[in-house]
1. Quick one: how many residues across the range 210-228 are under 18 Å from the mean Cα position of the chain (by Cα) and not in a helix (DSSP H, G or I)?
2. Tell me which residues, restricted to the range 111-123, are in contact (Cβ under 8 Å) with a residue 40 or more places away in the chain and either more than 19 Å from PRO38 (Cα to Cα) or surrounded by fewer than 19 Cβ atoms within 10 Å (Cβ to Cβ) (or both).
3. List the number of the failed condition for SER167; all other conditions in (1) closer than 21 Å to PHE73 by Cα; (2) assigned to a helix (DSSP H, G or I) hold.
4. Tell me which residues, restricted to the range 62-100, are touching a Gly at 6+ places or on another chain (Cβ under 7 Å) and either among the charged types (D, E, K, R) or not in a helix (DSSP H, G or I) (or both).
5. Within the range 102-110, is even one residue assigned to a helix (DSSP H, G or I), over 25 Å from ASN210 (Cα atoms) and at pLDDT 90 or above?
6. Go through the range 133-154 and report how many residues are surrounded by fewer than 19 Cβ atoms within 10 Å (Cβ to Cβ), over 18 Å from the mean Cα position of the chain (by Cα) and assigned to a helix (DSSP H, G or I).
7. Starting from the range 99-110, take each residue that is among the hydrophobic types (A, V, I, L, M, F, W, C) and list its partners that are part of a loop (DSSP other than H, G, I, E, B), counting only C-beta distances under 6 angstrom and pairs at least six apart or across chains.
Amino acid sequence: MVQTLWKQKNLINQFVKREVSGRYKGSYLGMVWSFINPLMMLIIYTYFFSVVFRAKWGGGAGESQVEFALILFCGLITFNFFSDIITRSPAIIVSNPNYVKKVVFPLEILPVTIVGAAFVHFLISFGILLVALILLMGVINWTIILVPLVMLPLALMTLGLSWFFASLGVFIRDIGQFLGVAVQALMFLSPIFYPISIIPENLRGIYYINPISHVVEDMRKVIILGQFPSWSWLLLGTSIGLITTWLGYYWFSKTKGGFADVL
């Protein structure tokens, strides 16, 4: 798997650029929307929760309304990285039938390009979050250097799932509709709009088996609170991510021979 992707790194890079630029193709502002969308999201949430709701996170964090908005935005950009990949994966092969039928093409790189494009948009949102931290909070914690380590389990899991759902989307076209609903449900089952501490004890098990919960919580720790992530989860999550990646790639490799017959 690693050798195959490394050999195709230049092609992957070209397709990632195409995916990023193609999202806003035909619009007047083009790539500028990649900056405007997360910036507007941050402004809206900051206003909504600091002025309208006057909400606080509690538990020693988010005592100010602005900090609450930044904590919320941090969780949202993390979850959006996951949701963007999962919801787009089922259609990536179906929307490119020429690569399946008419040319000899390494189809396994198509889901990878979705992950790469989502990562680019995540970096843009992350940059806006850093600027907001400086302007609104006046500080950046040194623990922010641990962000790549915290995101690694989620990146590995979504890569494996993107291969799996890209293949499944060829044979079961309804999977895309199902995933759209499932991702929305998962967003509310993840501690994005609220801390895990407010969840009743008898229900917390649901949140602890949700890997996104751990990543969202650790992202807030290293970016907003200046705390260390959960090292035990990083070890477990990375292991799960590696297994998911390998299984997804194995599934895709075994099923891609039947794509042409279905398409």
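The values are calculated or read from the model by the stated rules, or taken from the named source; none is laboratory data. It should be emphasised that the depicted structure is a prediction, and the values quoted were computed from it without experimental measurement. All Cβ positions, even for glycine, are placed from backbone atoms using ideal geometry, and neighbour counts span all protein chains on display.
1. Selection size over the range 210-228: 1.
2. PRO111, VAL112, THR113, VAL120, listed by residue number.
3. (1)
4. Result: ILE93, VAL94.
5. Checking the range 102-110: at least one residue is assigned to a helix (DSSP H, G or I), over 25 Å from ASN210 (Cα atoms) and at pLDDT 90 or above.
6. 7
7. Sorted first by the residue in the range 99-110, then by its partner, the pairs are VAL100/LEU263; ILE109/GLN8; LEU110/ILE92.
Conditions (1) at pLDDT 85 or above; (2) within 20 Å of GLN227 (Cβ to Cβ); (3) not aromatic (Phe, Trp, Tyr), marked per residue:
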residue: VAL181; (1), (2), (3): yes, no, yes
residue: GLN184; (1), (2), (3): yes, no, yes
residue: MET187; (1), (2), (3): yes, no, yes
residue: PRO191; (1), (2), (3): yes, yes, yes
residue: SER197; (1), (2), (3): no, yes, yes
